[in-house]
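Student: If you scroll down you'll find the structure; I have some questions about it.
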Amino acid sequence: MSAQNQVRRMTVPEIMARKGKVPVVCLTAYDAPTAAILDEHCDLILVGDSVGMVVHGLTSTVGVTLDMMILHGQAVMRTAKKALVVVDLPFGSYEDSPITAFKNASRVMMETGCQAVKIESGSYAAETISYLTERGIPVMSHVGLRPQSMNVLGGFRARGRTKEVADEIIENAIAAAKAGSFAVVVEGVSEDLADKVTKAVSIPTIGIGASPNCDGQVLVTPDMLGLFDWTPKFVKKYGDLKGLIETCARNYAKEVKARSFPSDEFTYKFKKK
Ligand code: KIV
């Protein structure tokens, strides 16, 4: 394909310019065929470490490795041509120092070709965000319910019920924005708190279990497709993928047992020479 025919990809400055304007559409993807379908509809595709739970069957994101993120990032980058692709840095790959974070984030960028990384941003994160950004790695932050901290937080409950915690979430978002993050995911907080975060920062807020007033929204794609019986309160199921897979598998099993599949239409019959 010549450079002229290439689809133009969304850029970090274009996402930043959406603050207070048309909401940023974001979904997660972990594989090439899904990314190919979502690309048309999304401004931003997140290769989230939720992959550990929704693809690999882990009970949290804590067991997700850098190699897993790179493998799924590469798959998504093969077919996502228009959306900005952001890959999560997994637990243990960025928290201890900006240097470790740069080593791992640069590996993710170089081996996947993605445009940015995401980190869960507690009070420790500002130094790392500016270190990465100054060295050419755009960073999306993640505040509120931070799934990688579920062992400290005691689970996946919505956050910010006390003034102290709510203030801390706002401060984390402000610190992330000041340090150079280009956007911030706000997860699992009250609508009111999400609105305060959106007002407090000059970068787009991307809500998940947050508020319609955020500057964009993200959902975990298998959740919104209806692949699982249980999902968090904030997930709207836009389809019934579980039901569809069940129906297809049931019909297939019935036809295999009845020897009605494969019928003539699906078998090769070569003429004898
Ligand atoms: O890993 C993920 O999918 C995420 C979203 C929930 C924002 O971080």
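The values are calculated or read from the model by the stated rules, or taken from the named source; none is laboratory data. Only a predicted model underlies this, so the values are computations on that prediction, with no experimental measurement involved. As a convention, Cβ positions derive from the backbone with ideal geometry for all residues, glycine included, and neighbour counts pool all protein chains shown.
Student: Can you name every one of the helices (runs of 4 or more DSSP H) wholly within the stretch 50-146 that holds 1 or more residues which are at pLDDT 95 or above, within 29 Å of S211 (Cα to Cα) and small (G, A, S)?
Tutor: Where helices (runs of 4 or more DSSP H) fall fully within the stretch 50-146 and carry at least 1 residues being at pLDDT 95 or above, within 29 Å of S211 (Cα to Cα) and small (G, A, S), they are 51-54, 66-77, 126-134.
Student: Could you tell me whether G180 is at pLDDT 95 or above, small (G, A, S) and within 22 Å of P13 (Cβ to Cβ)?
Tutor: Yes, satisfied.
Student: Only one of these is of a type outside the set (D, E), over 27 Å from Q6 (Cα atoms) and surrounded by fewer than 16 Cβ atoms within 10 Å (Cβ to Cβ): H41, H56. Name it.
Tutor: Answer to the selection: H56.
Student: Checking the conditions here, which among A158, A179, A105, A194 is away from the ligand (no atom under 16 Å from the Cβ) and either surrounded by 15 or more Cβ atoms within 10 Å (Cβ to Cβ) or in contact (Cβ under 8 Å) with a residue 40 or more places away in the chain (or both)?
Tutor: A179
Student: Taking the stretch 218-234, which residues are part of a helix (DSSP H, G or I) and either more than 16 Å from the ligand (Cβ to nearest atom) or touching a Phe, Trp or Tyr at 6+ places or on another chain (Cβ under 9 Å) (or both)?
Tutor: Across the stretch 218-234, the qualifying residues are T221, P222, M224.
Student: Continuing with the same structure: Determine whether the stretch 206-218 contains at least one residue that is at pLDDT 95 or above, at negative phi and surrounded by fewer than 14 Cβ atoms within 10 Å (Cβ to Cβ).
Tutor: yes
Student: Then there is this: For K237, only one of the following conditions fails: (1) touching a residue at least 24 places away in the same chain (Cβ under 8 Å); (2) in a loop (DSSP other than H, G, I, E, B); (3) of a type outside the set (A, V, I, L, M, F, W, C). What is its number?
Tutor: (1)
Student: Let me ask you something else. Identify the single condition in (1) surrounded by fewer than 21 Cβ atoms within 10 Å (Cβ to Cβ); (2) out of contact with any helix residue (DSSP H, G or I) (no Cβ under 6 Å at 6 or more places or on another chain); (3) not basic (K, R) that A75 does not satisfy, given that it satisfies every other one.
Tutor: In the conditions (1) surrounded by fewer than 21 Cβ atoms within 10 Å (Cβ to Cβ); (2) out of contact with any helix residue (DSSP H, G or I) (no Cβ under 6 Å at 6 or more places or on another chain); (3) not basic (K, R), A75 misses (2) alone.
Student: Of everything in the stretch 39-53, what is hydrophobic (A, V, I, L, M, F, W, C) and either in contact with a strand residue (DSSP E or B) (Cβ under 8 Å, 6 or more places away or on another chain) or within 8 Å of the ligand (Cβ to nearest atom) (or both)? Give them in sequence order.
Tutor: Selection gives C42, L44, I45, L46, V47, V51.
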